[in-house]
Each structure stands twice: as C-alpha cells, then as structure tokens.
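This is the structure I want to talk about, given as structure tokens.
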Amino acid sequence: MAEAHIAQKSPYAVELAPGDYRWCRCGGSKTQPFCDGSHKTTEFTPVAFTISKAEKVWLCGCKRTRNRPFCDGTHRTLSERS
Ligand code: FES
Ligand code: FES
C-alpha cells in the first residue's frame, strides 16, 4: 500500500461532542483531521470512530500512528524532509 500523505507532522487537538466521526486516513482531506471524501482517488478509506462523551482528543496528523485515529507519538520519528 502506498504511504499516506502527511497532512502535518503533529496531532490535531480537537474538542469533540459525542457522536460519530470519520478520521482522514489518506492525508488529502481539506477538512483535517476529518475525511472530506478526497480519498476516493486513493487506495485509502477513512477510519470511523465514536466519541461517547464530550472530550478533547489528539487526532493523528501525520497518518502514521499505530493507534488510529489517535496520535501515538510516531510523528516524532519522521524526518524533517519526509
Ligand atoms: Fe482522507 Fe477520506 S479524505 S480518508
Ligand atoms: Fe501522527 Fe502523532 S501526529 S502519530
């Protein structure tokens, strides 16, 4: 599978109300960190997740986390140029 586009090399801190969300996996969305349908020209699909109580979360912007959709610190391992 191709590498996802890096939207940014840091997480998006967002306050979310309870509900269903779709995290952009491909990195191409214009409404980061959420899916806007841009993945349709890629091999990626969004990651659906549910928030049960209002909370602040850190959603991965580099698209390299192993704990989707949440940042797991992997962005710190990315070089400046990648
Ligand atoms: Fe990136 Fe939908 S726009 S997964
Ligand atoms: Fe992707 Fe932190 S922003 S792991």
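Nothing in this text is a laboratory measurement; each read-out follows from the coordinates by a stated rule. For clarity, every value in this text was computed on a predicted model and none was experimentally measured. When we count neighbours, we look across all protein chains shown, and the Cβ atoms used for this are built from the backbone with ideal geometry, even at glycine.
May I ask you to list the trypsin sites (Lys or Arg not before Pro) in the stretch 23-59 that are in a DSSP loop and have at most 16 other Cβ atoms within 10 Å of their Cβ? Each step should come with its number before you reach the end.
On the way: sites: Arg25, Lys30, Lys40, Lys53, Lys56; in loops: Arg25, Lys30, Lys53.
Answer in residue order: Lys30, Lys53.
Modelled label-to-label distance, Arg68 and Glu15, 7 Å Cα→beta-carbon offset: nm?
Between Arg68 and Glu15, the label points sit 2.9 nm apart.
Let me ask you something else. Ordered by residue, what ³J(HN,Hα) values in Hz, to whole numbers, does the stretch 60-73 give under the Karplus form 6.51 cos²θ - 1.76 cosθ + 1.60, where θ = phi - 60° and Gly and Pro are x?
So the Karplus estimates, Gly and Pro as x, are 4, x, 7, 6, 10, 4, 9, 10, 4, x, 8, 5, 10, x Hz.
Something else: If you look at just the Cα atoms of the chain, how large are its Rg and its Dmax in Å?
Reported Rg and Dmax, both Å: 12.2, 38.
Counting Lys +1, Arg +1, Asp -1, Glu -1, what net charge surrounds His39 among other residues with beta carbon under 15 Å of its beta carbon?
After counting each charged neighbour, the total is +3.
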